[in-house]
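No lab work stands behind these numbers, since they all come straight from the coordinates. Small disclaimer: the values here were computed from a predicted structure and weren't measured. Because the Cβ atoms are built from the backbone with ideal geometry, glycine has one as well, and the counts that use them run over all protein chains shown.
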Amino acid sequence: MSTTPPIEDFELHMPDDLDVEHCYRHPDRETGVHCSNCGRPICHECMTPAPVGFRCPQCMADQRRSSTAGGRPRVVTRQQTRSRWQRGAYGGGAGVSVTKVLVAINVLVFVAELATGAVSRSGGLLTGYGSAAAMHSMGALAPYDVIVRHEYWRMFTVMFLHWDVIHIAFNMWALWVAGTYLESAIGRAKFLVLYLVAGFAGSVLIVYAAPLAAETAGASGAIFGLFGALALYAFVNRNRDFASRAVLGNILFVIVLNLAITFGFSGISWEGHVGGLIGGAVLMGAYLLGGRRSPYGRFSGSDVALTLAVVVALVALTFWKVHTGLVAAFVPWL
């Protein structure tokens, strides 16, 4: 005879003494989650991630008001992090993306190079075997042009010229990736100013350190400026959210890799790259002065003053080099 005890039936109904709670904003939704601040029950739609647990909409609103009034720091949620990094081109914000406009301008200028022969439409499309005279007339930069001929406009036109299709392809890819992130983080106006100032900083170092007759072209200086600015921005916010730490690790790898390529191969303007990198980082540092975490938004009075200070310093360095370099420029090949 079997001694196995009979199998008892499972209880399939809810215990009579179990309290079922409902979301305080949606009474028709059962929930087991409570606000970690006030204890009210909240459903999945009403919960906002906090450093500990979740917060209800009312507590989040109160916390924002206290932060505005100088109270405790506001909790940075995943949605707020996402919007901070994606409010530009990725986020589909209103207005035209500056990054896309800059890419379009560079591509149109490259088409003009093809039309004028600055880049050959045959073999030179990949190798840059075009007309050196045509490239020079379009605005390529050689220190001699600035120091002796005072053609300062070349320090800006150089940012939009490229030697061949590989050159522009790599630069535009880097501009698209880094530019989209940075434009989303700091806003269109400051992004454009930073891009141009960083490119100008690269040109200043070219005038200082490159051989007098060495001709340079490319957006690399300005793009390295984006790298430097993005790295500093992510570093300042590294303890604020995971996205900043991820961006910091990636952009530092990109900077190290590109600097290794810059110094490891001949024919690459290290002056433009290093100058742009420093210029972009310095201007971003100026925008983050005073403990600011983000320079996003319109230019304040201090932003304008700091931008002008950086530009004036670059202009002063340029004219000092022009003044002291005139004698050195008169060499036998002139």
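Work through the residues other than LYS321 whose Cβ is under 15 Å from its Cβ and net out their charges, Lys, Arg +1 and Asp, Glu -1. Summing Lys and Arg as +1 and Asp and Glu as -1 gives -1.
Of the peptides 38-49, 132-143, 182-193, the order by per-residue mean of other Cβ atoms within 10 Å, starting with the highest, comes out as 182-193, 132-143, 38-49. Which listed residue (GLY280, SER203, PRO295) has the Cα farthest towards the positive end of the charge dipole for region 189-326, taking +1 on Lys and Arg C-beta and -1 on Asp and Glu C-beta about the Cα centre? Ranked along the dipole, the leading option is PRO295. Taking Lys and Arg as +1 and Asp and Glu as -1, the other residues whose beta-carbon sits under 11 Å from that of LEU141 total -3. Over all other residues within a Cβ to Cβ distance under 14 Å of LEU226, the charged ones net out to +1, with Lys and Arg as +1 and Asp and Glu as -1. Close amide H partners of GLU21, meaning residues 5 or more places away or on another chain with modelled amide H under 5 Å apart, are THR31. For region 98-329, a Kirkwood radius taken over Cα pairs fed into Stokes-Einstein (37 °C, viscosity 0.692 mPa s) yields D = 182 µm²/s. Among 265-276, 247-258, the peptide with the highest mean count of other Cβ atoms within 10 Å heads the list, and the full ranking is 265-276, 247-258. Across region 158-172, computed HN-Hα scalar couplings (Karplus, 6.51 cos²θ - 1.76 cosθ + 1.60, θ = phi - 60°) run 4, 5, 10, 10, 9, 6, 7, 5, 5, 4, 6, 5, 5, 5, 6 Hz from first to last residue, x flagging Gly and Pro. The dipole here belongs to region 98-329: it is taken about the Cα centre, uses +1 on the Cβ of Lys and Arg and -1 on the Cβ of Asp and Glu, and is about 680 debye. Region 197-260 and region 281-327 have Cα centres lying 16 Å from one another.
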